[in-house]
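The values are calculated or read from the model by the stated rules, or taken from the named source; none is laboratory data. Predicted model only: the values in this text are computed from it and were never measured. Cβ atoms come from the backbone with ideal geometry, glycine included; neighbour counts cover every protein chain shown.
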Amino acid sequence: MSFFNQVFKGPQLAYYFKKISIAVFIFIVIVAGYFFSQLFFDLSKFSQFIFDFVLQRSNYNFAYFTSSIIGALGIISFVGLVLLVGSWVERRVIAKFQIRVGPNRVGPFGLLQPIADAIKLMQKEVLVPAIADKTLFLIPPVAIFLPAILAWGPIPWAPNMSYLNINVGILYVFAVSSLTVPIIFFAGWSSMNHYALLGSMRTVAMMVSYEIPISLSLLSVAIITGTLNFSEIVLWQSTNSIWLGLFMPFSLFTFFFASTAEINRTPNDIAEAESEIVAGYHIEYSGMKAGLFMAVELGNAVLLGALVTSLFLNGWFLFGIEKFVPPYIIFIGKTVAIYLLLIWLRATFPRFRLDQLMNFAWKTLIPVSIINFFVIAIEVTILNQFQSTGILIYIFALFNIFLFLGLIVVWSKIFSVDKFQPEKIQPKFAGEIGGLEAMKGVKSVD
Amino acid sequence: MTVEEQYELNIGPQHPSTHGVFRIKVAMNGETIEDLDMIVGYLHRSMEKLSEERTFTQNIPFTDRADYLAAMSNNLGYCLAIEKLANVIPPQRATVLRVIFAELQRIASHAMANGTLVSDAGAWQTPLLYMFREREKILDLFEMTCGARLTTNYMRIGGVAFEPPDEFYPLLNELLGELPDKVDEYMDLLSTNEIFIARTKEVGIISPEDAINASLSGPALRGSGVPWDLRKAEPYCDYENYSFDVPVGNTGDSYDRFMVRMFEVKESIKIIKQALNELPSGMHKTQIPLALRPEPGQVYYRTEGPRGELGYFVISDGGPAPYRMHIRAPSLINLSLLKQLAVGSSLPDAVVTLGSIDIVVGEIDR
Amino acid sequence: MIELTAYNFSFIMMTLITILPALGIAFVNSLMRSLLLLILSFIGVAGLFVLLSADFIAIAQLLIYAGSISILLLFAVMLTPEISINNENSKYFLLASLGAILFLYLMILLITIFDLNQLTGNALNKLDFDNTIEQIGTLLLGKYIIAFELASVLLLFALIGAISIVRSSESDFDVKIKDSK
């Protein structure tokens, strides 16, 4: 009885009540979430239902047209949601990195901040420079959305959830994203501003260089899986029970690094380097037009997460959890993890210089990618001799990891990176004070 | 091929990496800078002329606004110059307090300089805000002592304006306890970062001969390897009683200037600890006449500010106001080498070089 | 004349996307604008390939023509800054229009001579595969391997030639930099 009095007394009662109610709430959320996820486990049921519903009342062509429009709307609304939530996430997470609070005024936890931003941007005047080519100036902010949304098409969310389940999936994404280059160039050129032109020339130079390592790493993926279809690549990884990112870490690194260069993320954001060319190719855009460019950049970052997830991180599979949790939730979770990695990089690293990036692409990434590609081609030839890949694929994975590390060591020797070891370039302490004569008395720091 | 075609680019007066309203007119060929013209004067407030109309004491707030990131050091330089002119001897406690505040200001100023340098190199403000964390604590200490954070107006002719409050010392000791760890944290984060080394190493190299010929001073000179520090060479405020080292760089590039600042923060911590240990009791300022009238004459007094040799040249004609005052601003003289450093390099390198020289536009234009 | 099925409707749309910008390229004065129209026209051609169920060729069209050749042309236009904005009418206007009329006549001849059903999507119904990539890959590395390899050798020569041209002009560049100092 005394224990009871001790526990449930005065303010302590409220304290324990709060604890218990939080536990009960979490339990209810988990149980409800489980049943809810079972209901929405396979979203293809719904699209099938819509298709059948229209088919009963109309012909096949119209039903196909309607369901494809609805699917496209689903993807567009998902991208829109990503843009809204993503900008909030990016600002909040970077604020945490930078010991700040971040947006916390509009709505709970500042969640409505992106909407407030959008309203404010839309109210602003769209300034067009007097000497700009007005037609060309106004097209790019809108046109740049096209590749950014089209590239989401073949992403495999779940077993039966892929809007464009085409055989040329990888090529399609690669081709569509290459359309951004002329659009960005037109944006920079039509502004008639030297900063904008510098930014767009940097973009073009970088994209031309970095498309080669990207294509080499995608080629490695294609030869080992024997397909260009995203869903089949994901399924290959689960049937051989290995993540491609583990099997060929260098291809993953190349793809990730080169893609950050293509989508202008730190440490490769030289096309809009704030401290050098202010904003790069979109310096002259104001209001929502500038907002559109930024939104597309954010959307591309999340798209990179989705591509890395499906190509290298086994898509919707996660150690059997996909049997209980809807697969698309796992897929989105992995995508968000990659996106958070991008934010981490942005909050941490300084920026490369243009010539350093070019040197890295042409002198390091491309030769090493070719070596990596040949090694993987040989491994694929050996693997094809056997009925089941079995333990051999793990041996090759281990070999590839050591190859990756070995190539790093060899390349750092070639370019004598250790010349700049931090221990060798520390300052020294002066022995005596004076001019050039006294410089001889300088001794190293103990 | 039309490779000789140049175009003109205006960096500033509004540009993220000119550190204020400072304009550089650049003739570029592609990404290479071929010619460069520095245009200053956007922040000119006619400080030196205005000071001829005000008494010697009234001029102290002007020195706050000259180098607004190192107000304490500017106050100190001016007050020492006038004290030498008027033969005022400050009490011992005031001298030690001056050393404490000047070195705190040096830490705050170096934190700002290095943070903005890393921002110029492209880090998205994270190192800057980390450095601001410690600067903020120092500014809080300033605020509780003299009521202002940036434009402190704390030193007086013949002492300091106020005695620090009682809660000042525990907070200062706490700060001194954690600062070395924080400096090591920045070293881990930045000075061993491959990208940062690639961006700053061998960028904007100043040879020792060039540095001396251009009359550079401060970290810009010591980064080139020349061991010159006025606190050792011509000690003022009894700096000869403190034991500290003078860090110098190896090659004179932007990285060395950055690292010299980092090491100077460590040395400043040492100096403040020694000063706190031997803080004498007594008055914090001597009584001087309200309208100080020094004997006719002139004085040039130089101190080691955070950016280099901060000199005050004052002429008195026996009246209550200086006949002429001139500030030898280290930023302006350090900046004079920018053209030589930037021509032939690329735009990003020029930005990093400018950041590593560490200018304050208020001091350049005055 | 033409039955308006979904297929034919898409075909007409894609043809319009191809032809209208192509006309614009000829009549617009600004080279940059005509470049934008050219990219649009390339996209229309890619759409036509999709209608022919040639998915690989469609993607290659997008990737190589709309994405890469256009960049090459961008650089070409950038090297001619004087004429890129206000491009005056050519003095060969008459000659060019004569050539255009002759070409149109040739096309009409070709269309009337050949059986169009051999060339449109109807021909695909007779084929017994649905994955063009595998077929293209097998043919390129099997039957047409010599042509494929010869093409790659040709590209290699082009690459080396381009590098040698750039290197010879690089020395000019150095001299001019020194002169300007």
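Listing for the model above:
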{"item": "Residue in the stretch B:205-219 that is within 9 Å of another protein chain (Cβ to nearest Cβ) and buried (at least 23 other Cβ atoms within 10 Å of the Cβ) present", "result": "no"}
{"item": "Boolean, A:MET201 is within 28 Å of C:ILE39 (Cβ to Cβ), touching a residue at least 24 places away in the same chain (Cβ under 8 Å), in contact with an Asp or Glu (Cβ under 9 Å, 6 or more places away or on another chain) and within 14 Å of chain B (Cβ to nearest Cβ)", "result": "no"}
{"item": "Only one of A:VAL128, A:VAL85, A:VAL79, A:VAL93 that is surrounded by fewer than 16 Cβ atoms within 10 Å (Cβ to Cβ) and modelled with pLDDT of 85 or more", "result": "A:VAL85"}
{"item": "Condition met for A:THR335 (more than 14 Å from every other protein chain (Cβ to nearest Cβ), in contact with a helix residue (DSSP H, G or I) (Cβ under 7 Å, 6 or more places away or on another chain) and not aromatic (Phe, Trp, Tyr))", "result": "yes"}
{"item": "Qualifying residue in the stretch B:25-34 (condition: at pLDDT 85 or above, more than 11 Å from every other protein chain (Cβ to nearest Cβ) and either in contact with a strand residue (DSSP E or B) (Cβ under 9 Å, 6 or more places away or on another chain) or more than 30 Å from A:MET358 (Cβ to Cβ) (or both))", "result": "yes"}
{"item": "Any hit, the stretch B:279-294, residues being over 14 Å from B:ILE82 (Cα atoms), more than 14 Å from chain A (Cβ to nearest Cβ), outside any strand (DSSP E or B) and of a type in the set (D, E, K, R)", "result": "no"}
{"item": "The stretch B:113-152, residues that are part of a loop (DSSP other than H, G, I, E, B), of a type in the set (A, V, I, L, M) and under 17 Å from the mean Cα position of the chain (by Cα)", "result": "B:LEU150"}
{"item": "Filter pass, B:TYR7 being without any contact (Cβ under 8 Å) to a residue 40 or more places away in the chain, of a type in the set (Phe, Trp, Tyr) and either within 14 Å of chain A (Cβ to nearest Cβ) or closer than 24 Å to B:ARG135 by Cβ (or both)", "result": "yes"}
{"item": "Condition check for A:LEU365: touching a residue at least 40 places away in the same chain (Cβ under 8 Å), buried (at least 19 other Cβ atoms within 10 Å of the Cβ) and in contact with a Lys or Arg (Cβ under 6 Å, 6 or more places away or on another chain)", "result": "no"}
{"item": "Selected residue (criterion: farthest from B:PHE101 (Cα to Cα)) from residues of the stretch B:272-287 that are surrounded by 15 or more Cβ atoms within 10 Å (Cβ to Cβ) and in contact with a strand residue (DSSP E or B) (Cβ under 8 Å, 6 or more places away or on another chain)", "result": "B:THR286"}
{"item": "Residues (assigned to a loop (DSSP other than H, G, I, E, B) and at the interface with chain B (Cβ under 10 Å from one of its Cβ atoms)) located in the stretch A:89-106", "result": "A:GLN98, A:ILE99, A:ARG100"}
{"item": "Any helices (runs of 4 or more DSSP H) falling wholly within the stretch A:226-288 and containing at least 3 residues that are under 23 Å from A:LEU383 (Cα atoms)", "result": "A:230-239, A:244-247, A:249-262"}
{"item": "Test result for C:LEU52, modelled with pLDDT of 85 or more, out of contact with any strand residue (DSSP E or B) (no Cβ under 7 Å at 6 or more places or on another chain) and in the same structural domain as C:ILE12 (by TED's automatic domain parsing)", "result": "no"}
{"item": "So A:LEU303, is it over 24 Å from A:LEU83 (Cβ atoms), touching a helix residue (DSSP H, G or I) at 6+ places or on another chain (Cβ under 9 Å) and at pLDDT 85 or above", "result": "no"}
{"item": "Inter-residue pairs, beta-carbon under 8 Å, first among the small types (Gly, Ala, Ser) and in the stretch B:77-106, second assigned to a helix (DSSP H, G or I), 6+ apart", "result": "B:GLY77/B:THR63; B:ALA102/B:MET72; B:ALA102/B:SER73; B:ALA102/B:LEU76"}
{"item": "Some residue of the stretch B:263-278 being touching a Gly at 6+ places or on another chain (Cβ under 9 Å) and not hydrophobic (A, V, I, L, M, F, W, C)", "result": "no"}
{"item": "Filter result (at pLDDT 80 or above and loosely packed, with under 10 Cβ neighbours inside 10 Å) within the stretch C:113-146", "result": "C:GLY142, C:ILE146"}
{"item": "Of residues in the stretch A:141-198 being without any contact (Cβ under 8 Å) to a residue 24 or more places away in the chain and more than 15 Å from A:TYR281 (Cβ to Cβ), the one nearest to the other protein chains (Cβ to nearest Cβ)", "result": "A:ALA175"}
{"item": "Single residue of A:PHE360, A:PHE396 found to be closer than 17 Å to A:LEU244 by Cβ and either more than 14 Å from every other protein chain (Cβ to nearest Cβ) or modelled with pLDDT of 85 or more (or both)", "result": "A:PHE396"}
{"item": "Residues satisfying the stated conditions in the stretch B:129-148, i.e. under 23 Å from B:ASP64 (Cβ atoms) and within 14 Å of chain A (Cβ to nearest Cβ)", "result": "B:MET131, B:PHE132, B:GLU134, B:ARG135, B:GLU136, B:LYS137"}
{"item": "Filter result for A:SER68 (surrounded by fewer than 15 Cβ atoms within 10 Å (Cβ to Cβ) and among the hydroxyl-bearing types (Ser, Thr, Tyr))", "result": "yes"}
{"item": "Among the residues listed as B:LEU104, B:LEU69, B:LEU50, B:LEU97, the single one being closer than 24 Å to B:VAL314 by Cα, crowded, with 20+ Cβ neighbours inside 10 Å, at pLDDT 85 or above and aliphatic (A, V, I, L, M)", "result": "B:LEU69"}
{"item": "Meets criteria (closer than 26 Å to A:VAL181 by Cα, within 22 Å of the chain's Cα centre (by Cα), at pLDDT 85 or above and outside any helix (DSSP H, G or I)) for A:GLY153", "result": "yes"}
{"item": "Filter result for the condition that a residue is within 14 Å of chain B (Cβ to nearest Cβ) and at pLDDT 85 or above, over A:THR260, A:THR254, A:THR266", "result": "A:THR260"}
{"item": "When residues of the stretch B:239-264 are limited to those that are out of contact with any Asp or Glu (no Cβ under 7 Å at 6 or more places or on another chain), hydrophobic (A, V, I, L, M, F, W, C) and buried (at least 23 other Cβ atoms within 10 Å of the Cβ), the one farthest from the other protein chains (Cβ to nearest Cβ)", "result": "B:PHE258"}
{"item": "Elements of type helices (runs of 4 or more DSSP H) contained in the stretch B:324-366, each with 1 or more residues being more than 14 Å from every other protein chain (Cβ to nearest Cβ) and within 25 Å of B:THR32 (Cα to Cα)", "result": "B:330-335, B:338-342, B:347-357"}
{"item": "Residues within the stretch A:342-354 that are more than 7 Å from chain B (Cβ to nearest Cβ) and surrounded by fewer than 19 Cβ atoms within 10 Å (Cβ to Cβ), tallied", "result": "2"}
